[in-house]
Amino acid sequence: MTKNRWVRDYGPIVLAGLITGAAALVLTALGNPKNMGFCIACFERDIAGALGFHSAAKVQYLRPEIVGIVLGAMLAAIAAKEFRAKAGSSPASRFLISLFVMIGALVFLGCPLRMVIRLGGGDLTAVAGLLGFLAGILVGIVFLKKGFSLGRAYPVPAAEGAVLPGGMAALLVLLLAAPGLLRFSSEGPGSQRAFWLISLAAGVLVGAAAQRSRLCMAGGLRDAFLLRDFRLLSGFLAIWTAVTLGNLIMGSYTLSTVSQPVAHSQYLWSFLGMALAGWGSILLGGCPLRQLILAGEGNGDSAVSVLGMVTGAAAAHNFGLAGNPDSVVDGAYQVGGTSTAGMAAVLLGFAVLLAVTLTHLPKKEGAR
């Protein structure tokens, strides 16, 4: 591959990965939870809590990063004349899949993006999540090869595509003009946050970069395995590299399986939770970050996916499904992990994804 071709094909996605990794480091340094500069699942969970959809007091804050990602993607799409309102591709099935993608991610304690950020901080407990995510991707690829599809989306009025970006803008106005209507954590991860304007700006920057480059955690692995195309995967690796080098330079890299921030060492359920998230992301056509980007481009089906994830976050905390981090209590190390209800929800999620998958395969010739 010539240098010019490499720059053309890989330059934008690598740059987007480096921007995302650098933004995660800056946000962490300025107040966001450690190894959580960016986490789509965690931040959508915090938004659900801020709106009163769940009552877990430690994870409630209307995260401007999510607002910024959607608005940044929308602005980039409009500038590139790529804002196209469309919808109608199995919205109910997408909502259901997204709900379980979120539950799987919160059992692990992070989305695919946070998985990479955790690895970049030296969190070896995230390796189980990575292996599970790979397994889920491979399962999804098997069904893609068999013809799985949620169907075609169709053009809709532009106002339809602007619903989620408009809703995000309204949430930002609510945060700034009427914060008394929202819930705010006074302790725990929800209380750890960078200044709102910096968070918003970081989100806009990442959203715009991801929109122009098509950055996607699940898509990178899917293309590598299915098409032997490593372009999207290079963005995944760029995030990992940026976060690792940044943590090493700042002296915050801790290579260990114990005492990692907001992480647990129940490896089997980390594996299974991210396997569920990986499989679901393939069925949806993109990871949680990619769903935000597509929603910003006017995709109403991805907007439904985002709402499904917010609902999944609320369900995870209302019904005790989310994982609990390892902690030190009275000088003793306590292993966290997944509740029995959380384990059951993950297994149910696999059953639901299998049912959705089988009902969206091409019918055999002659079948009615």
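The values are calculated or read from the model by the stated rules, or taken from the named source; none is laboratory data. Please read these numbers as outputs of a predicted model, since none were measured by experiment. Heads up, the Cβs are rebuilt from the backbone with ideal geometry, glycines too, and the neighbour counts pull from every protein chain shown. In case anyone asks, the SASA skips ligands and DNA or RNA and just uses the protein heavy atoms, side chains included. Shrake-Rupley method; radii C 1.70, N 1.55, O 1.52, S 1.80 Å.
Points to keep in mind about this one:
- Test for Gly110: is it closer than 23 Å to Leu361 by Cβ, touching a residue at least 40 places away in the same chain (Cβ under 8 Å) and in a loop (DSSP other than H, G, I, E, B): no
- Candidate set from segment 210-256 (those that are aromatic (Phe, Trp, Tyr) and open to solvent by 70 Å² or more (accessible area, probe 1.4 Å)); member that is farthest from Asn32 (Cα to Cα): Phe225
- Leu289 being part of a helix (DSSP H, G or I) and surrounded by 14 or more Cβ atoms within 10 Å (Cβ to Cβ): yes
- Candidates in segment 84-98 are the residues that are surrounded by fewer than 24 Cβ atoms within 10 Å (Cβ to Cβ) and touching a Gly at 6+ places or on another chain (Cβ under 6 Å); of these, the one that is farthest from Gly320 (Cα to Cα) is Arg84.
- Checklist (1) in contact (Cβ under 8 Å) with a residue 24 or more places away in the chain; (2) touching a Ser or Thr at 6+ places or on another chain (Cβ under 7 Å) applied to Gly320, failing item: (1)
- Check on Gly136, within 24 Å of Thr340 (Cβ to Cβ), modelled with pLDDT of 95 or more and touching a helix residue (DSSP H, G or I) at 6+ places or on another chain (Cβ under 9 Å): yes
- Residues considered: Gly21, Gly31, Gly68, Gly49. Of these, the only one that is outside any helix (DSSP H, G or I), in contact (Cβ under 8 Å) with a residue 60 or more places away in the chain and not polar (S, T, N, Q) is Gly31.
- Leu358 vs. criteria touching a helix residue (DSSP H, G or I) at 6+ places or on another chain (Cβ under 9 Å), open to solvent by 20 Å² or more (accessible area, probe 1.4 Å), within 24 Å of Gly286 (Cα to Cα) and of a type in the set (A, V, I, L, M, F, W, C): yes
- Output for segment 292-320, where each listed residue is more than 28 Å from Ala158 (Cα to Cα) and either buried (at least 24 other Cβ atoms within 10 Å of the Cβ) or among the polar types (S, T, N, Q) (or both): Ala313, Ala316, Asn318
- Restricting attention to segment 117-152, the residues that are open to solvent by less than 20 Å² (accessible area, probe 1.4 Å) and under 30 Å from Lys363 (Cβ atoms) add up to 6.
- Close pairs (6 angstrom Cβ cut-off, 6 or more residues apart or separate chains): within 15 Å of Phe143 (Cβ to Cβ) in segment 343-368, open to solvent by 50 Å² or more (accessible area, probe 1.4 Å) and at pLDDT 95 or above anywhere: Leu361/Lys146
- Restricting attention to segment 49-65, the residues that are of a type outside the set (Gly, Ala, Ser) and open to solvent by 30 Å² or more (accessible area, probe 1.4 Å) add up to 3.
- Hey, Val101 surrounded by fewer than 20 Cβ atoms within 10 Å (Cβ to Cβ), within 22 Å of Asp223 (Cα to Cα) and modelled with pLDDT of 95 or more or not: no
- Restricting segment 330-347 to residues that are open to solvent by 60 Å² or more (accessible area, probe 1.4 Å) and in a strand (DSSP E or B) leaves a set whose member that is farthest from Leu51 (Cα to Cα) is Tyr333.
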